[in-house]
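The values are calculated or read from the model by the stated rules, or taken from the named source; none is laboratory data. What you see is a predicted model, and the numbers here were worked out from it, not measured in a lab. Positions of Cβ are backbone-derived with ideal geometry, glycine not excepted, and every protein chain shown enters the neighbour counts.
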Amino acid sequence: MLDRSAVSLEGKVAIVTGGGGGIGKGISLALAAYGASVVVAERDEGRANATVEEIGEHGGRALACVIDVQEKEQVAAMTELTISEFGRVDTLVNNVGDFLGIGKPFTETSEQDWEALYNINLKHVFYCTQAIVPHMIEQGSGGSIVNLSTIEAFRGIPGCAVYSAFNAAITGFTKSLAVELGPERIRVNAIAPETTETLQVQPSQWIPERHKGLVPYWMPLGRFGTPEDAAGCAVFLASDLSSWMSGTTLHLDGGALAAGGFYRVPGGGWTNTPVVSGAGIGG
């Protein structure tokens, strides 16, 4: 029988990069709610402190670490602060990522675009993971690394080919590192969200009022994601509930990837064409 304590994170220490806003904040709050001490690594001091304060108001323990994870020296300082304050680290959530508003044909992108997208989507994952893993190994009690990517790592996204490529690389990195660190009982998994309401992406603001009624038809589960959805996945991957899971990606997408371009239509049925007459397939 599954022990109910498997979901508990009491005595655990977690680092969440970009932990002060959006999905990162949702994950920080959830890990703390389940008992973990959380290091909120965030370059926006106001957001970092606000998240730590909110965790404290709910009886949790957290520490703000104002850094830019794209800077190797700052990542080293974050690691040192975590070990100095809490003595260990059990979970690393590599949450930071951004398409940086670079949406244009690949042939019009520059090397500066590539470098910026590499730094914010993949290079910092290398920095943080390389800094933290030796401490997890030294502790001898295993650990969990959770990498955030995107649904765009698994489907085409015109105008964002470079962004997609670096996120696809997270999938390969997750799988290979999971095998490499398996003997140390360090699990490595990923979460790939579809469109989620965050500071960077605000679909509720982008969609004209006259079209908002169509949202329930755009993906099988009928809505966009929330930070709380990602938080649930992160708690699962950080806890012993997923103690025999490593090297995989949780597709947090409301069924969008499985739908493969099919959409519900009013009145019943489905279609994979932008405009249809009648109810579509199954209508």
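Here is how the numbers come out for the structure above:
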| quantity | calculated |
| --- | --- |
| Residues of the stretch 237-250 classified as surrounded by 19 or more Cβ atoms within 10 Å (Cβ to Cβ) and either at positive phi or not hydroxyl-bearing (S, T, Y) (or both), total | 3 |
| Residue list for the stretch 251-260, filter: part of a helix (DSSP H, G or I) and either without any contact (Cβ under 8 Å) to a residue 12 or more places away in the chain or touching a strand residue (DSSP E or B) at 6+ places or on another chain (Cβ under 9 Å) (or both) | L257, A258, A259 |
| Some residue of the stretch 252-265 being among the aliphatic types (A, V, I, L, M), modelled with pLDDT of 95 or more and closer than 27 Å to G20 by Cα | yes |
| Identity of the residue in the stretch 184-225, on the phi < 0 side of the Ramachandran plot and basic (K, R), that ends up modelled with the highest pLDDT | R187 |
| Condition met for L100 (closer than 22 Å to V133 by Cα and hydrophobic (A, V, I, L, M, F, W, C)) | no |
| Residue in the stretch 132-159 that is surrounded by the fewest Cβ atoms within 10 Å (Cβ to Cβ), counting only those that are β-branched (V, I, T) and in contact (Cβ under 8 Å) with a residue 40 or more places away in the chain | I137 |
| The stretch 95-118, residues that are in a loop (DSSP other than H, G, I, E, B) and among the charged types (D, E, K, R) | D98, K104 |
| Boolean, I207 is within 25 Å of D98 (Cβ to Cβ) and touching a Cys at 6+ places or on another chain (Cβ under 7 Å) | no |
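Here is a yes/no grid of residues against (1) at pLDDT below 95; (2) aromatic (F, W, Y); (3) farther than 24 Å from T198 by Cα:
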position: T51; (1), (2), (3): no, no, no
position: E54; (1), (2), (3): no, no, no
position: I83; (1), (2), (3): no, no, yes
position: R88; (1), (2), (3): no, no, yes
position: G101; (1), (2), (3): yes, no, no
position: F106; (1), (2), (3): no, yes, yes
position: T109; (1), (2), (3): no, no, yes
